[in-house]
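For reference, the structure discussed in these notes is given below.
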Amino acid sequence: MVKINSSYRKLQGSYLFSTIAKKVTEFTKANPDKKVIRLGIGDVTLPLSPTIIKALHNAVDEMAHKETFKGYAPDRGYSFLREAIVENDYKKRGCSISPDEIFVSDGAKCDSGNIQEIFDVNSTIAVCDPVYPVYVDSNIMAGRGGDYLADKECYSGIIYMPCKKENGFTPMLPDRVPDLIYLCSPNNPTGAVIDRNGLQKWVDYANENGSVIIFDAAYEAYIRSENIPHSIYECDGAEKCAIELHSFSKNAGFTGLRLGYAVVPKALVRDGVSLNDLWARRHSTKYNGAPYIVQRAGEAVYSAEGQREIRGMVDYYNKNADYIKTNLEKAGFSVSGGTDAPYIWLKTPDNMSSWEFFDYLLSKANVVGTPGSGFGPHGEGYLRLTAFGSYENTVEAVDRIVNRL
Ligand code: MLT
């Protein structure tokens, strides 16, 4: 008799964004006349920029000719893309990362879910609370995390690092030393950022204790403040303790195209083994590479025109973030994030729970947010709004929130 992986039994409910999508579908079915504005999932709405579209067309044409057709991509990604990444995302920031430390993938979600595979099943993990659910769920699926404690809404074996208003929604060093530490800055969901000194402390802590930091930099393009590192490798010694994950989704609108990369430095050795070698082994065994045409589109992101165009997209979403933040604050809401991140972290009014406020917002204003408690127990009493909508919808959603609640 076939038995399932029993760790999957420990997963709670369905994936957060699937639950929300289901609720919204039910609402729209019951209220077909209502125009629902979705500021829930962080999915982009602007189309791909002209330079990227041109690169895609050119690459498609190449696939039509024997001389230029491409089959399987190289394991770690095409060198044209890895070199462009190194040049633009690292050399320009003074970080010495080389192309053979870059692993191109189909996005940061998969990388952040898969990276745990190269670590022992008994490794302890530390996550921010609230947190992007993929970090926790992928470790639960792998058999880490112990038991689910329903009263505390957390797993016994996971070290939660509360991110509360008092500490600017950033994590404090944990009481016990974890093997793996997941950090995301700019943060999903709170929109908080870790400054240079703060991140250096984490790097020093990981190096002193032999931990590995999984640094999710998916939202780095949204950083506007000075002194906020775009990459963990801007910190001294990070190449000895950190893996960094990047996405092309949020900066260049690739949520539907799929492209990302992981950086696993050669200097990162644990248990006598190079993690670069180990990830290369895993990557080449289980993955056949992002499509050639998508990697060409990724290369175009780094062209001068591509950079100018994607800057325009990020500025557009930043303007939405500013609009949400300023106007909700003016209306008396308690709001944070949104300055260096496309997420606004909103305190629910009148002590409503996150899900109560989600339902209230949907029924009164027909606006979809993401309940903070879906990201972890310390997200209770908050709701996340995304700046990835159109400007018109963002303005309308905020006006409805201010005037209808
Ligand atoms: C989110 O809304 O948190 C993100 O869009 C999810 C993701 O990037 O996978």
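Bear in mind these aren't lab numbers, they're just calculated from the coordinates by the rules spelled out. Only a predicted model underlies this, so the values are computations on that prediction, with no experimental measurement involved. Here Cβ is always computed from backbone atoms with ideal geometry, including for glycine, and neighbour counts include all displayed protein chains.
Rounded to whole Å and ordered largest first, report the semi-axes of the equivalent ellipsoid of segment 301-366 derived from its Cα gyration tensor (root of 5λ). The three semi-axes for segment 301-366 are 31, 12, 10 Å. Structure remark: mean-square fluctuation, Gaussian network model of the chain, C-alpha springs under 10 Å; the largest value among TYR148, TYR182, TYR78 belongs to TYR148. The aspartates and glutamates whose alpha-carbon is closer than 15 Å to the alpha-carbon of LYS34, local same-chain residues fewer than 8 away aside, are GLU26, ASP359, GLU396.
Of the DSSP H helices in the chain, those that are both long (alpha-carbon extent of 15 Å or more along the helix axis) and hydrophobic (Kyte-Doolittle mean at least -1.0) are 16-30, 50-63, 354-365, 391-404.
With Cβ to Cβ distances under 12 Å as the rule, what net charge do the other residues near TYR15 carry (K, R +1; D, E -1)? Don't jump to the answer; show the numbers that get you there.
On the way: positive: LYS22, LYS109; negative: ASP137.
Value of the local net charge: +1.
Give me the Debye-computed log₁₀ of I(q)/I(0) at q = 0.09, 0.15 Å⁻¹ for the chain, equal point scatterers on Cα only, no solvent, two decimals. For the chain, the Cα-only Debye profile gives -0.55, -1.49.
With neighbour counts taken as other beta-carbon atoms within 10 Å, the residues LEU149, LEU405, LEU362 rank, fewest first, as LEU149, LEU405, LEU362.
Just want to confirm a number: the relative contact order over the chain, from Cα pairs under 8 angstrom separated by 6+ residues, in percent. Write out the running numbers ahead of the final one.
Details: 772 pairs, mean separation 91.6, N = 405.
Worked out over the chain, it gives 23 percent.
Per the helix-only calculation at 222 nm, which mean residue ellipticity applies to the chain, given -39500 (n - 2.57) for every DSSP H run of n ≥ 4 and division by its residues, nearest 500 deg cm²/dmol? Spell out each step's value before the answer.
Values: 12 runs with 145 residues, N = 405.
Here the helix-only value at 222 nm equals -11000 deg cm²/dmol.
Can you give me the distance in nm between label points at ASP151 and ARG9, each placed 7 Å from the Cα along the Cα-to-Cβ direction? For the pair ASP151/ARG9, the computed spacing is 2.3 nm.
The alpha-carbon of LYS10 sits under 20 angstrom from the alpha-carbons of these lysines, leaving out residues fewer than 8 places away in its chain: LYS152. Each principal axis of segment 265-380 carries a Cα extent, and these read 53, 42, 26 Å when sorted largest first.
Within straight-line reach of LYS325, meaning a Cα separation under 13 Å, sit the following aspartates and glutamates at least 8 residues removed in sequence or on another chain: ASP340, ASP399.
The GluC sites (Glu not before Pro) found in segment 180-248 that occupy coil by DSSP, while having at most 11 further C-beta atoms within 10 Å, are GLU226. The distance from the alpha carbon centre of segment 1-77 to that of segment 78-119 is 21 Å, rounded to a whole number. Ranked by how many other Cβ atoms sit within 10 Å of their own Cβ, fewest first, the residues ILE293, ILE214 fall in the order ILE293, ILE214. Taking θ as phi - 60° and the Karplus parameters 6.51, -1.76 and 1.60, the scalar couplings of segment 96-104 work out to 9, 10, 10, x, 7, 9, 9, 10, 6 Hz in sequence order, x denoting glycine and proline.
What does the charge count around ILE293 come to, taking other residues whose C-beta lies under 15 Å from its C-beta (Lys +1, Arg +1, Asp -1, Glu -1)? All intermediate terms of the calculation are to be shown ahead of the outcome.
Details: positive: LYS54, LYS70, ARG258, ARG296; negative: ASP61, GLU62, ASP106, GLU299.
Neighbourhood net charge equals 0.
What FRET efficiency comes out for the pair LYS35/LYS165, r = Cβ-Cβ distance, R0 = 51 Å, nearest 0.05? If you can, show how the numbers build up before the last one.
Working: r = 33 Å, r/R0 = 0.65.
Efficiency for this residue pair is about 0.95.
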